[in-house]
Structure formats: C-alpha cells, structure tokens
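Every number in this text was worked out from the coordinates using simple rules, so none of it is lab data. What you see is a predicted model, and the numbers here were worked out from it, not measured in a lab. So basically every Cβ, Gly included, is an ideal-geometry build from the backbone, and we count neighbours across all protein chains shown.
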Amino acid sequence: MTLDAKIPSGPIEKKWDKHRFDLKLVNPANKRKYDVLVVGTGLAGASAAASLAELGYNVTALCIQDSPRRAHSIAAQGGINAAKNYPNDGDSVWRLFYDTVKGGDYRAREANVYRLAQVSVNIIDQCVAQGVPFARDYGGYLDNRSFGGAQVSRTFYARGQTGQQLLLGAYGALSRQVEKGKVRLLARREMLDLVVVNGKARGVIARNLVDGKIERYAAHAVLLCTGGYGNVFFLSTNAANSNVTATWRAHRRGAYFANPCYTQIHPTCIPVAGENQSKLTLMSESLRNDGRVWVPKKKGDTRAPNDIPDAERDYYLERRYPSFGNLVPRDVASRAAKKACDEGFGVGPTKLAVYLDFRDALKRVGAETIKEKYGNLLDMYHHITNEDPYKVPMRIYPAVHYTMGGLWVDYNLMSTVPGLFVLGEANFSDHGANRLGASALMQGLADGYFVIPSTLGGYLAAGGIEAVGTDAAEFSEAEAAVNARVSKLLAVKGKRTTLEFHRDLGRLVWDHCGMGRTEAGLKKLLTAIPELRERFYKEVCVLGGGMEFNQALERAGRVADYLEFAELLALDALERRESCGGHFREEYQTPENEARRDDENFAHVAAWEFKGDGKAPARHVEPLSFENVHLTQRSYK
Amino acid sequence: MTGTIDITLKVWRQKDAASAGGFETYEAKGVSTEMSFLEMLDVVNEDLQKKGRDPIAFDHDCREGICGMCSLVIDGRAHGPDGGQTTCQLHMRRYKNNDVITVEPFRAKAFPLVRDLVVDRCSFDSIMQAGGYVSVSTGQAPDASVLLIPKHKADSAMDAAACIGCGACVAACPNASAMLFVAAKVSQLAQLPQGGPERERRVLNMMAAHDEAGFGACSNEYECEAVCPKDISVSHIARLNREYLRALALGPGEHQAASGAG
C-alpha cells in the first residue's frame, strides 16, 4: 500500500498558507463542544494543550510525572533553531529548510520541513513573549550560536538549559489554562492503551500510578505527545521514565510505525563508567562551538592528555571535514569517534572515548566567557566524572539520544488511525534519518503551538464524529486487555528483575542495531529478541500488587513493550538496505566510510502495520519526492 | 581513584500515606565509588527484589540534575551533603567505607507522602497556576527583536528561572516555606518587561496560593539557599517581599507597571 501524506498542492512556499485556508474551521462557539485528550506534557504536549485550550477546546492532559515541568524536554541543553537571520549571516527559511533536509540525509518530507522552517520564527517570538530568558548581548538583543550541520548561527539559547526554559514557558501557558478551567491536568497517569471506536481514536486507558486504578478517558480526538523510544537501548540520555508504551500500544491498535531504525547516536556524551550505570549524560553539541575533538596520533597512547603536544594530536574532525570542522552533524561525528576508537586510538580507562578539549578556547576568550556559555554543562561533567574540564580535556563518547522514527503521520500530523494525532519526538516527523542539533525543540513547539491548532480543527469540522462515552464496549475491551497484561506480569513470580532484562535487551540492541549494523547482526538480533521475551514472561519478578504505587510494575510493563518494539526496530533496520543518517549499514558505505544511500530503492518512508502477535508486520511505503532540494551525496568536507 | 565500599543504609519505609512508617536498615556491600547515589539505591533494590522484598520507592527521572523529580533527605540534608546539586548528581565517592547513611523523604504538610521516599508536590503546580506565567496566547507575540532587555537583567532573570521545582527549599525550611520557589518565578518575571502588566496580580495570587497550600512563612533561616541544587539566592526572596509590599500598596491591576523592579 502506498501511503497518502496529504501534502497540499502548489509551490512549497505557499503550501501551508493554502492548506490553512482550505481546512474547515470550527467556529468559536462550537470549539467548547469538543473534548481533546493530550497524552504527555513535554514541549509538544504542553504547547498543544495550552494552545488548544486557548482556542476554546476542552482539554484533558495526562502527565506521567508528578508535574508537567518534569517532562524530558527539560533536559535539552543547547538551543533552538530559528530562521531569524538576526546575525545577518545569510540565513533564511529556505536555508533552514535546505540544511534540515540535507542533515536528515534526504529522508524527510520536504513539505513538512519547509513548514517547520517557516514557523520557526514564530516560535522564538512566542517564547520571548512568555518571558523565556534567552541569552542577550549588551545591546539587549538576542544572541545566537552555532550548531552542527549549519554554517550560520541560528540557534537561540538560555545558557545550557534551553529545553528547561522553553518547557517552563509552555508549562506556564498550560498552567494558565488549568487556572481558567480549560485544561484538566492529571499527573502520575500512564497511558496503557488506545481506544478505537468505529475506526476512530476515541480515548485511552490509563493507570493512575499513585493508587493503581485503571481509568478510562474519552474524547473526540487523541494527541500522543509521548516522546521517543531511545530507552530500548537501556543506556541512553533519555530519562528513566521515557518509554515506548503509548506509541507501541497505539501501533497495535492500527497506527503505522515509521522508520523505527532511524535512531540518533549523539557524539558528545559522558562515557560509560561502570556495570551499574543507569543512564548516560549528554554534553551539549554547543560545546563543539569552542571545544576541539581529538585523539592521540599514536595508538594506545597512555600519556595524560595535557602532556601530549599538538603535533602528536589528531584533530580528526577538522582534518577530515575542513569546512564544517568540529560542527559536522551528529551522525558523522559519532561515526568518526567510533572509528577512532575501533582503530585503537580511544582514550581513558575503557578506551571508548575521545577528547573534547577547551584548552584553546580558554586561552582565546578566557575562563569567564566559557563559564558564561557552558558553565552548567561543565559543572555537570565535573560532578559526574570528578574531573575539571577547565583543566583537563573532557572525555566523550557517542550515546543514544533521540529517535527520528515514530508513528507515521500525514501533513496534518494525523496517524493512520483517524482522530489520533502524534506530535513531537513521538511522530516520525521532519528529521529524516538524522536530526540536526537544536531542531528537536523547534519541532516539538512547531507541532504544538502552530500546526495542531489548525489541523485538528480541520479534522473535527469535517464531522462524522458521533458521541461516544467511556461506557462503550471498546473501552471495556481495552480496559480488560490492560488488566490482563498487568495480571500476567504479576503472575510470573520469577527470579530475575525487570532491570536485568532491560539491560540484556539494551546490550543486544546496542551491539547489533547501534552505530553500525550488518545483515548478519540484525538477523541474529531478530532471533535473540523473541527468546529474551519468552524468558521474560517465564522468569521476571514483579513484586507487589496492581492496586498500589508500584514502580516495579510500571517498569515491567514498559520493558515488556520494549521487548516487542525492539523486534520491529531490528526488522526495519534489516529491510532498509542502504545507509542513511543515523542508520549505518556497514555493507553500504563509500570508500571514505561515509553512509551510502540508495535513492533508487529507498527514497521512501517505511511504515509498518501491526498484523497481530506472532505474525509478520506489513511494510508500507510513502515515496519521498524531492522537488526543491537536489539529492546528492551529503558532504561536509 | 575507583574502589568499593560497604555502607549501611537507614531508609524510611511507608506503604502509603495512611499507614505508619519507620526506618529499615540495609547493608550494601561492595558499592562502587563510581556509582551515583541513585544507582546505589538501584543495586539495593535489585537485591531486595531477589530476596522477595518490595523495593524502596523513590522518585527520579532525568538523572542529570534538571528535571527536579528526585528528592531525598540524606543524613538530614535535602539532596545530600554537598549543596548545589541534586540527589541524582551525588556520587558514592563522597562516602567512606562503613559509613551509615540515613535516607528520608522530603517532609512537609504540603507534600503528602505517597510511598516510602516519594511525596506529592502538586502543590507547586497550584502555585504556578495562580500566576507563574505571562498571559500571552499563542499567536499574539510581536517579533522577538522588538523587546530589548539589558544583558544584566536577562542574566539575573535567568539566575532565578533556573529553579527546577524540586522542593528541597521546602524540605530544608523549619517552617516548610516555599518562598524561595515562589521568589524564583516572581523575581524572573518582575525583572522582565513581559512580566510588567501582571506584576501586582501575579505576586498577590501566587502568595495566596502558597499560603493556601499549607506552606509556612519565611523567617530568614537561609536553609533553602544552602540546599538549593541551582544555588538560587535568597536575594530573590528579598525581591519577592518588595514586590509583595509594592503590590499590596498599589492593589492588583491598579498600576500598569513599567519594566524592571528595584
């Protein structure tokens, strides 16, 4: 089946305006007749919930943490892109569009990316109006910095806490609507199933994490804003509670999952230190504005980094990519770090690290300036490693950070289940096979503040959405299914913990579907995952009961879903017989070890349809046509 | 540099708000000093589960000091011994062999206990809902460059805005006051022109919500600043007090304030 993305006709610059005009409107008095359910309250969810409530819709927002302010968007550090061209360095909507399509290795939908670039400028306006304290220069104007994959400075930032400040802005807007009674905010709720009635998404089943009660929520439309699936690797920069359950359960109810193999390995994270490590910590890409990446020229050099003279250092990014230098895109930088370590040039106790060195920048601009720009990041590094990055080079290594894949959506952000919209990292979105730095915040907020308020209205105004209450048979069926899954997990009473299974799964996926992937490795993975899943249901130990605050049960449910999802991830990686962006199949590379795309056979989105347990999922395609950007071998030399 | 230590933990266990709670003692042997404090608790929990005992419930999420989800009073101090960091940033290298460590939840009337070390901090949300924002709807904003904000004001607003809403200030305060939390938001917006139109309403409403939630008054103990993981200064409480008095004098909405407070 070929998927219809419903891309508006006409020139790319006019598509969004034309589409907004063509969409039917819901008149102000009628908006209050519609209930909208927003699952997840990070950047995408909070901005959507607030904006829709401002328009007059009745919004119910479910939040997995104890407050929307804790969503993992808060951990985004470096910044948010916008085509403002304030620095007068040649930026434009067109250039941001072009950089994003190229950065995504030509695997994103042109029309979506263009819209993203267009609304990027409105996002900055909105956030400034909310009081987000972006960095400013002495004249009082907004400051910008550079991020990977771009040769202009278009990134707005609030120290190393940009995600935090943007999220608190959206959280403020959401809080204002809670106060007005337009948003019902429910904290510590986890969505465990989607309810589909007559082919349309009409609600969810959620678990109240405090008392364990299973609850039903009905609405005219459901928005999933539940983030990515990076924790399938166990070790990632994601927060502990980030999970795939909401999107996976929606997938099982009919939403196609697109490009799950597009996972982003971020080049600059603090390396793994020990066996019991629970997460990896990102060091913002913005550090590559001033930090220089290097390894010793001599293999296995054990000298302290400061004792290695310049002539014996290999600043390999500057050497291999002179025009972008340390600011090559993430996929390129990560692979280069892996290559250096694989060849024996790695540093530190595990030899799985490279240096990110501020020595030259400290000499050039002084410690005060560096502290002002990156202070909290360098402190964070110091806390974790017990090493002072003002004195010794940081050690960094790539780590799983973001997932470009997600539920397939059309131009309206609607999935293959009518009435189910997917926003932010949870959708397969605008980043193609590799996301550029500072673009995740942009996309989450674009979806929530500016896209969904228009497109949701179009769906609702088209009509045909009959009244459905939580007493519908479909709600009972979904609730029974959730209860059965909870009981099944509690009934195993095995000897191994969920954490042990999660760690095993993560190691398998990282080894065979991480930075380098091969046909043989993926086939091995496709055998190993079902075996591990089988063991899980025989040996897992989940103590306590369902009707209580039970973190072990929460985790077991999430890992159970990862054990299903991982198989689709591996299958997608196997079937995409090319390398592109974050998906690097070792069989498909250029003589210089760069990703080699196969545009003839793979210039498409792969969207997977769930066919039932034990049955092979069906792979559908959405062909990608490039009318505005010329497909070339990506080069950052 | 790396090594292992044996420690004894005294941990507050309480099934739910209605049940009685008490300390239980656990021996943790061979704890790697490279581990974070929460990773040490993970290991203890693994061990407990292997023995068929319920793991210790504790809140955590990002594990890099920004989400504000983790809490814990460790040896009598919110977020542990060092100050300027969250519990998730505390590492076991801070401890010595045979140390005894007491771990308790954040205790305050406005933070009812959920289980073990987990408390409900929704009262912070209700304070924010009362006015911790600029009332601007999506689409209303003018171009971002229209508004000029002196660098020192933007920086000072950012110092306040760094609050992660963890509640350590409340846990540390003998009065369980949340004045530092309220001050962080009031001070951020009072220093920015965007906050001007609602300047009086905001502080009055947020303080009313603060008192209504059951938080106590500030008596200048400065314990909040000492434990704040983001080093938010009590000078913001001084600004909050000035803003409050000013708003009382002017009345809510009576005065369309110009940008910037004293």
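A few points about this structure:
- Lys/Arg +1, Asp/Glu -1 at C-beta; region A:316-445 dipole; positive extreme among A:Ala336, A:Gly444, A:Pro398: A:Ala336
- Computed on the Cα trace of region A:591-637, the radius of gyration divided by the Kirkwood hydrodynamic radius gives Rg/Rh = 1.14.
- Dipole magnitude for region A:33-148: about 180 debye, using +1 per Lys or Arg Cβ and -1 per Asp or Glu Cβ, origin at the Cα centre.
- Debye intensity ratio I(q)/I(0), log10, region A:266-399, q values 0.09, 0.12, 0.13, 0.18 Å⁻¹ (C-alpha model): -0.23, -0.42, -0.49, -1.00
- Linear extension gain, A:Tyr537 paired with A:Arg32, 0.36 nm per residue minus alpha-carbon span: 177.3 nm
- Helix A:519-539 axis versus longest C-alpha principal axis of chain A: approximately 50°, rounded to the nearest ten.
- Spacing of the two label points (7 Å from each Cα toward its C-beta) at A:Ser635 and A:Arg596, in nm: 1.7 nm
- Descending semi-axes in Å of region A:1-98, equivalent ellipsoid built from Cα gyration tensor: 28, 25, 14
- Relative contact order of region B:122-250, defined on C-alpha pairs under 8 angstrom at six or more residues apart (%): 34 percent
- Sites matching GluC sites (Glu not before Pro) across region A:261-320 that sit in DSSP coil, with at most 16 neighbouring C-beta atoms within 10 Å: A:Glu275
- Stokes-Einstein D (µm²/s) once Rh is taken as the Kirkwood radius of region A:482-611 over alpha-carbon pairs, at 25 °C in 0.890 mPa s: 150 µm²/s
- Hz values of 3J(HN,Hα) by residue in region A:16-32 - Karplus curve (6.51, -1.76, 1.60), Gly and Pro given as x: 5, 4, 4, 4, 5, 6, 6, 5, 5, 9, 9, 5, x, 5, 7, 4, 5
- For region B:1-67, the Kirkwood estimate of the hydrodynamic radius, built from every pair of different alpha carbons, is 13.4 Å.
- Distances between every pair of Cα atoms in region B:4-115, grouped in 10 Å steps from 0 to the bin holding the largest one, split as 14, 48, 33, 5 percent.
- Stokes-Einstein D in µm²/s, Kirkwood radius over Cα pairs - region B:122-250 at 20 °C with 1.002 mPa s viscosity: 143 µm²/s
- Distant alpha-carbon pairs in region A:257-333 (separation over 21 angstrom), percent: 46 percent
- Measuring gaps between exposed loop sites in chain B (trypsin sites (Lys or Arg not before Pro); DSSP loop; at most 14 other Cβ atoms within 10 Å), the longest gap, sites not included, is B:110-262.
- For region A:113-230, the share of alpha carbon pairs falling in successive 5 Å distance bins from zero is 2, 8, 12, 15, 17, 14, 11, 10, 7, 3, 1, 0 percent.
- Reference-scaled alpha-carbon Rg (2.2 N^0.38 Å with N residues) for region A:447-553: 1.61
- Relative contact order of region A:266-399, pairs being alpha-carbon contacts under 8 Å that are 6 or more residues apart, as %: 35 percent
- Estimated inter-spin distance, A:Ala520 and B:Asp47, nm [label 7 Å along Cα→Cβ]: 4.2 nm
- Other residues within the sphere of radius under 13 Å centred on the Cβ of A:Asp66, judged by their own Cβ, net out at +1 (K and R +1, D and E -1).
- Whole-Hz couplings from phi, Karplus 6.51/-1.76/1.60, listed for region B:62-71; x for Gly and Pro: 6, 6, 9, x, 10, 7, x, 7, 6, 9
- Pairs of lysine residues in region B:4-115 - Cα separation under 30 Å, sequence separation of 8 or more or cross-chain: 14
- Computed across region A:526-590, the Kirkwood hydrodynamic radius from all distinct Cα-Cα pairs reaches 14.2 Å.
- Cα centroid separation, region A:337-405 to region A:39-84: 30 Å.
- Close Lys-Lys pairs in region A:266-399, where close means Cα under 26 Å and separation is 8 or more or interchain: 29
- Overall, region A:482-611 carries a charge dipole of about 800 debye about its Cα centre when +1 sits on the Cβ of Lys and Arg and -1 on the Cβ of Asp and Glu, all other atoms neutral.
- Spherically averaged projected area of region B:177-247 from its Cα convex hull (nm²): 4.6 nm²
- Extension gain, A:Ala618 to A:Asp4: 0.36 nm times the residue separation minus the Cα-Cα distance gives 219.4 nm.
- Across chain B, the relative contact order, built from alpha-carbon pairs under 8 Å that are at least six residues apart, equals 19 percent.
- Antiparallel beta bridges, as assigned by DSSP with both residues in the protein assembly as shown, represent about 70 percent of the total such bridges.
- On Cα atoms only, tilt of B:179-190 relative to the major axis of chain B in degrees: 40 degrees
- Calculated log₁₀ intensity ratio I(q)/I(0) where the Debye formula runs over C-alpha points of chain A, q = 0.06, 0.07, 0.11 Å⁻¹: -0.30, -0.41, -1.07
- Net charge, A:Ala201 excluded, C-beta distance under 15 Å - Lys, Arg +1, Asp, Glu -1: 0
- In straight-distance terms, cross-link reach from A:Lys18 covers every one of the lysines whose alpha-carbon lies under 28 Å from its own, apart from those fewer than eight places away in the same chain; here that gives A:Lys6, A:Lys31, A:Lys33, A:Lys84, A:Lys102, A:Lys200.
- Relative to its residue count, chain B spans a Cα convex hull of 151 Å³ per residue.
- Using the Cβ of B:Ser36 as centre and a radius below 14 Å, the other residues enclosed give a net charge of -3, where K and R count +1 and D and E count -1.
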